[in-house]
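See structure below.
The values are calculated or read from the model by the stated rules, or taken from the named source; none is laboratory data. This one's a predicted model, so the numbers in the text were calculated from it and none came from an experiment. Using ideal geometry, Cβ is built from the backbone for each residue, glycine included, and neighbour counts are taken over all protein chains shown. Protein only, heavy atoms only, side chains kept; ligands, DNA and RNA dropped before computing areas. Shrake-Rupley method; radii C 1.70, N 1.55, O 1.52, S 1.80 Å.
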Amino acid sequence: MTPVRARILLVALVAALTISAVASGEERYRPPELGPDYVAPRVDWPAGRAAWQQWADLAALAAALLAASYLALRARSRAMLTALMLLSLAYFGFWRGGCVCPIGAIQDVAAALADPARAIPLAVLATFLLPVAFALATGRTFCAAVCPLGAVQDLLAVRPVRVPRWLEHALGLLAYAYLGAAVLLAALGAAYLICQYDPFVALFRLAPWGAWARGGDAAGRVDLLLLPAALIAVGLFVARPYCRFLCPLGAIFRLLGPLSWRHVTITPGECIRCRLCENACPFGAIEPPTGDRPGDLRRDRRRLGAALALLPALAVLGALGGWAVRNELSRAHPSVRLAERVRLEETGQAQGTTDASDAFYQTRRPRADLYAEASTLRARFAVGGAILGAFLGLVVGAKLVSLSLRPSRSGYEPHRGRCLSCGRCFAFCPVERKRRGLPPKPPPGKNGTPDA
Amino acid sequence: MTPANQEKLTRRAVLRGGLCGAAALSLGSLTAALARRARAAGSVWQIDPDKCVRCGNCATYCVLQPSAVKCVHSFDLCGRCRICFGYFDPKAGQYDSGAENQLCPTGAIARGRIEKEFYDYRIDERLCIGCGKCVQGCTTFGNGSLYLQIRHDRCVQCNQCAIAAACPAGAISRVPADRPYLLKTRDRP
């Protein structure tokens, strides 16, 4: 570097420092020399949660998952599962305030995967991986008794109605769209959709005991309670609506569930096909036996072939659709919105400024810089939108394929993807009742049985 | 159960086992890929006072009410002005501690005379709602010794800070948990 260039740089640096000092208003009036008697008040800087506390949370999560798996698969106890569910609701929900949860951690993992420069805290990674690993080993035991969001809905499902099969399948696709959108927005740094629309987190924070735990007068925002209120109202009649139709982690579980190594069973022994459990599940997760099902094998094969052939076509169609809405998608990113606003203000199409554009002008960043960032982001959203669309096309196609399969079941079985391992069906199985020494027939209408 | 049926079940079981293994393997590789970049230390949300534009969102968007954001005072930086624009409403009729003359909507700043023309301004954190009105006044006309910080005894560390999502200046970001405040000048814990 030549001395002249170095001097220019130095001058520029000093000028920049002066400007920034004035911008933040520092030392406009020289702090006075005060007498020896004056002691400035000490400002204290309270520390956040200690590191060990996050490991304690993880240990609690692991213990709850182990307990839930044991209770569902080995002990087969609905009562104990309910007790564990209440404990989880109290600890992960009301005490810890619902963060970080495995559902929200999907976004942290997606963001870390997309951006190599971004480090993910180990605890957050483990929060996501633990329930997924358990789902692969023992099915959705996380949903059964660990997830506080599931617990709220489970306790409030007082009059569940039977959702028609076609509607169950169709609404179930919503969760994949939600998962895809959340992963895309998190990966491109636009928003944490799942957290923004968390159904019950406001409820957990409104509770006075949670506020007392944090030392005082805190309370949740009442307007944030509209979403939980709506979900609870629906959930009184449609059991666990968030878990079944919206939860992004549930969508991942539904993909992994059929592959799980072990899974909860309705009967502890051989199914005697008594049909008593047929209506036991408020989530529509019990599949009837297929043994002597009539049907045209050749027609079913043709249908499966057509569904398989449709798969790539749907993926391409989805990708095109996603690419077509790339501009709308990109507006989810605050920088793109800001660039559009600044452009409008620059060309005089918009009057006045917004808080965001004010903040931008204050940084003295060149407009061209912002526009360049926005166009990079738009290009990324075009690719991301296409991938999201292709994913959704594949999901729809895979649903058609799975509906065209001819599964073979010798008895009543829980659907490994949809079953939440809640254990409600145990009490309906006469084999189980015999094992327990209970009278063979369950009392009618117990456990919120949908009317047959 | 016919032998054919049994064979079919076995084939399914093998397929399922293989897919389960593949899923476990991909989960393992995902862990390996991310664990290398993972940090043991967590991170917490904090406001960068140099980026903050005092829009007032901190008071209203926090999931807590009152907000986890409070005003802090850097006493080393304060000019001890008699007429403090962080304290007085610009339309104040008199420069005394009458409620109508104060800028703070909750009267959370206590003003006291130190000596000569120098005054002391102390924030009562129990009353502060984090609206940033005083910060705006002090930054525009004074030394900028008043500024907003997320107080970690109150913050519940949402995975996505609701204020960060609403911040027009992008001033709220995650900082390492072992240095949880973004301080002005000589303030040190």
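Details
- Gyration tensor (Cα) of segment B:43-176, equivalent ellipsoid semi-axes in angstrom: 27, 14, 13
- Relative contact order, percent, chain B [alpha-carbon distance under 8 Å, six or more residues apart]: 34
- Between B:GLU117, B:GLU125, B:GLU100, the GNM of chain B built on Cα springs shorter than 10 angstrom shows B:GLU117 fluctuating the most.
- Cα radius of gyration and Dmax for the protein assembly as shown (Å): 29.6, 103
- Summed residue charge, Cβ within 10 Å of A:GLY189's Cβ, Lys/Arg positive, Asp/Glu negative: +1
- Cα pair distances exceeding 16 angstrom across segment A:297-404, given as percent: 66
- Cα centroid separation - segment A:30-100 against segment A:308-334, whole Å: 40
- Among B:ARG111, B:ARG151, B:ARG16: highest mean-square fluctuation, GNM of chain B, C-alpha pairs under 10 Å: B:ARG16
- In nm, spacing of pseudo-spin labels at A:GLU328 and A:LEU310 (7 Å Cα→C-beta vector): 2.3
- Taking every residue in A:355-362 and counting other chain Cβ atoms within 10 Å of its Cβ, the average works out to 5.
- Projected area averaged over orientations for segment A:365-405, convex hull of C-alpha atoms, nm²: 2.8
- Rel. contact order, % - alpha carbon contacts under 8 angstrom, at least six apart, chain A: 22
- Spin-label pair B:ARG111-A:GLU373: with each label point 7 Å from Cα along the Cα-Cβ axis, the two points sit 3.9 nm from one another.
- Summing charges over neighbours of A:ALA123, with a neighbour being any other residue whose Cβ is under 13 Å away from its Cβ, gives +1 when K and R count +1 and D and E count -1.
- When A:HIS169, B:HIS152 are compared by accessible surface with a 1.4 Å probe, the order from highest to lowest is A:HIS169, B:HIS152.
- 0 to 90° range, to nearest 10: angle between helix B:3-35 axis and chain B longest Cα axis: 30
- Here the Gaussian network model covers chain B, with springs between Cα atoms less than 10 Å apart; of B:ARG80, B:ARG154, B:ARG11, B:ARG11 fluctuates the most.
- Contour minus Cα-Cα distance for B:ALA38 and B:ARG179 (0.36 nm per residue): 49.0 nm
- Within segment A:89-107, backbone nitrogen closer than 17 Å to the virtual label 7 Å beyond the Cα of A:GLN53 toward Cβ: A:91-101
- With a Förster radius of 22 Å applied to the C-beta separation of A:LEU155 and A:LEU66, the computed FRET efficiency comes to 0.45.
- Between helix A:51-69 and chain A there is an angle of about 10 degrees, using the helix long axis and the longest principal axis of the Cα atoms.
- Buried accessible surface for the B/A pair, both sides summed and rounded to the nearest 100, is 5800 Å² with a 1.4 Å probe.
- Calculated FRET efficiency for the pair A:ARG74/A:ARG302, C-beta based, R₀ 45 Å, to 0.05: 0.55
- Residue-count net charge about A:ARG343 - beta-carbon cut-off 15 Å; Lys, Arg +1, Asp, Glu -1: +1
- The rule of thumb for compact globular proteins, 2.2 N^0.38 Å, goes into the C-alpha radius of gyration of segment B:48-94 1.44 times.
- For the protein assembly as shown, with all protein chains in place and a probe radius of 1.4 Å, 63% of the accessible heavy-atom surface sits on carbon or sulfur.
- Mean accessible surface per residue for chain A, computed with a 1.4 Å probe while every protein chain stays in place, in Å²: 50
- Mean separation of Cα contacts under 8 Å (6+ apart) over length of segment A:297-404, as relative contact order %: 57
- Placing a pseudo-label 7 Å from each Cα along the Cα-to-Cβ vector at A:ALA350 and A:ARG273 gives an inter-label distance of 6.7 nm.
- Sum of -39500 (n - 2.57) over DSSP H runs of 4+, divided by residues of chain A (222 nm, nearest 500): -18000 deg cm²/dmol
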